[in-house]
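So the structure is just underneath, and the comments pick up after that.
The values are calculated or read from the model by the stated rules, or taken from the named source; none is laboratory data. No experiment lies behind these values; they were computed from the predicted model shown. Using ideal geometry, Cβ is built from the backbone for each residue, glycine included, and neighbour counts are taken over all protein chains shown. These accessible areas exclude ligands, DNA and RNA; they are computed on the full protein's heavy atoms, side chains included. Shrake-Rupley method; radii C 1.70, N 1.55, O 1.52, S 1.80 Å.
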Amino acid sequence: MRFQRTIKNTMAVEGIGLHSGRPVRMLLQPAAAGQGIVFIRTDLGGVEIAAAAENTSATSYATTLSRNNASIKTVEHLLAALAGLGIDNVTIEIDGEELPILDGSAAPFVRLIVEAGIQMQSLQRSTIKITKPIFVREGSKQVALWPADSPSISYFIDFDHPLLREQAMNIPVSEESFLRELADARTFGFLSDVQMLQANGLARGGSLENAVVLDEQKVLNKEGLRHRDEFVRHKILDLIGDLSLAGMPIIGHVVAHKAGHSLNARMVKKLLEHPECWTVIGSPAATRELPQEAHYQYQASL
Ligand SMILES: [Zn+2]
């Protein structure tokens, strides 16, 4: 039995949006059990946008949530950090339309959450347990959810680039594995795409400070890679953030091949449309049992 969690203290972070290139300030605040993850656009009079599948509005190059004509873009790395550390409830005030990209990974968000402290709450956490397989596919890209006793992800990429051929990872989903293996994996892109992206109003804040950039042969970042297979690790990180929009952690084995935000969002939609393929474990009823404390040390391998 697991209990819901929030953060203990309010934390502030500033940075620029990867796609907008605009500066933005964000406040992470503790929230009541049962609330979930909620963004508040303070620059638009306080429009609230819940991190929920029904608010997913765009999925090309990043995941965007929208409600009442207000949007919040590039939410996946923060959502991955929250899901990775098992944080169920938090309010995020933000004064712009895109989250700060920071170093392009989830590590700065993880550090912020660990510094804030993790507060156990008195409501149980519900989880989705997969009972029948579900698949989504788009050409050679696919995501499948298989029944399993514990959560895990198998991911395989084979892009047409010497550094991106046949990279695979199989990993149990736990707070420890997220901190140790996934949190610091950065987003990546190709130099040849940068002009096209910028002409389309994307990647305007992109730089070697917040992304791994590849030319036709090699990594252009002087510091090199943080992991030999940093690319597939980042794809798993994105998948964890996107799947968290299902609203509950998923117990099952995720098998993904070259998926992206759009296919991840289709999987969440299909999952929620097929309740005959899963059961909900744990009821969010109040309990008197004393929740255990969670403490994490986090040092990114930087
Ligand atoms: Zn990403």
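Need the C-alpha centroid separation for region 42-69 versus region 231-272, integer Å.
Using only Cα atoms, the two centres lie 18 Å from each other.
Test of understanding: given the chain, find the longest segment containing no GluC sites (Glu not before Pro) that are in a DSSP loop and have at most 11 other Cβ atoms within 10 Å. Show your work: numbers first, answer last.
On the way: sites that count: GLU166, GLU216, GLU223, GLU289, GLU293.
Answer - 1-165.
How large is the accessible surface per residue of region 127-281, computed with a 1.4 Å probe and reported in Å² as a whole number?
Details: 7470 Å² over 155 residues.
I get 48 Å² per residue for this part.
Given H placed 1.01 Å from N in the peptide plane, which residues other than close sequence neighbours of GLY206 have an amide H under 5 Å from its amide H?
none
If the only charges are +1 at each Lys and Arg Cβ and -1 at each Asp and Glu Cβ, what is the size of the charge dipole of region 127-281 around the Cα centre, to the nearest 20 debye? Numbers along the way, then the final one.
On the way: 18 positive and 20 negative charges, 53 e Å.
Taking the Cα centre of region 127-281 as origin, the dipole is about 260 debye.
Can you give me the % of accessible surface on the chain that is carbon or sulfur? Probe 1.4 Å, all protein chains present, nothing else counted.
Details: 7000 of 13960 Å².
Answer for the chain: carbon and sulfur cover 50 percent of the accessible area.
Assigning unit charges at the beta carbon (Lys, Arg +1; Asp, Glu -1) and nothing else, what dipole magnitude in debye, to the nearest 20, does region 3-124 show about its Cα centre? It would help to have the intermediate numbers written out before the result.
Details: 8 positive and 12 negative charges, 30 e Å.
Here the size comes out at about 140 debye.
Can you compute the charge dipole magnitude of the chain about its Cα centre, using +1 on each Lys and Arg Cβ and -1 on each Asp and Glu Cβ, nothing else charged? Give it in debye, rounded to the nearest 20. Working shown, then result.
Values: 29 positive and 34 negative charges, 84 e Å.
Magnitude of the dipole: close to 400 debye.
Per residue, how much accessible area does region 3-124 show when a 1.4 Å probe rolls over the protein heavy atoms, in square angstrom? Could you put the intermediate results ahead of the total?
Working: 4280 Å² over 122 residues.
That works out to 35 Å² per residue.
Mind checking region 123-170 for trypsin sites (Lys or Arg not before Pro) that DSSP puts in a loop (not H, G, I, E or B) and that have at most 13 other Cβ atoms within 10 Å? Present the calculation step by step, with values, prior to reporting the outcome.
Details: sites: ARG125, LYS129, ARG137, LYS141, ARG165; in loops: ARG125, ARG165.
Those satisfying the criteria are ARG165.
Given the rule -39500 (n - 2.57) for each run of at least 4 DSSP H residues, summed and divided by the residues of the chain, what is its mean residue ellipticity at 222 nm, to the nearest 500 deg cm²/dmol?
Theoretical 222 nm ellipticity from helices: -5500 deg cm²/dmol.
Within 10 Å of each candidate Cβ there may be at most 12 other Cβ atoms; applying that plus a DSSP loop requirement, which trypsin sites (Lys or Arg not before Pro) in region 193-286 survive? Display every interim value, and only then the final one.
Numbers: sites: ARG204, LYS218, LYS222, ARG226, ARG228, ARG233, LYS235, LYS258, ARG266, LYS269, LYS270; in loops: ARG204, LYS218, LYS222, ARG226, ARG228, LYS258.
Here the sparse-neighbourhood loop sites are LYS218, LYS222, ARG228.
Roughly speaking, what is the stretch gain from ASP215 to HIS295, that is 0.36 nm per residue apart minus the C-alpha to C-alpha distance, in nm to one decimal?
24.7 nm
Which percent, to the nearest 5, of DSSP beta bridges fully inside the chain are antiparallel? All intermediate terms of the calculation are to be shown ahead of the outcome.
Numbers: 47 of 63 bridges.
Approximately 75 percent, going by the DSSP bridge assignments.
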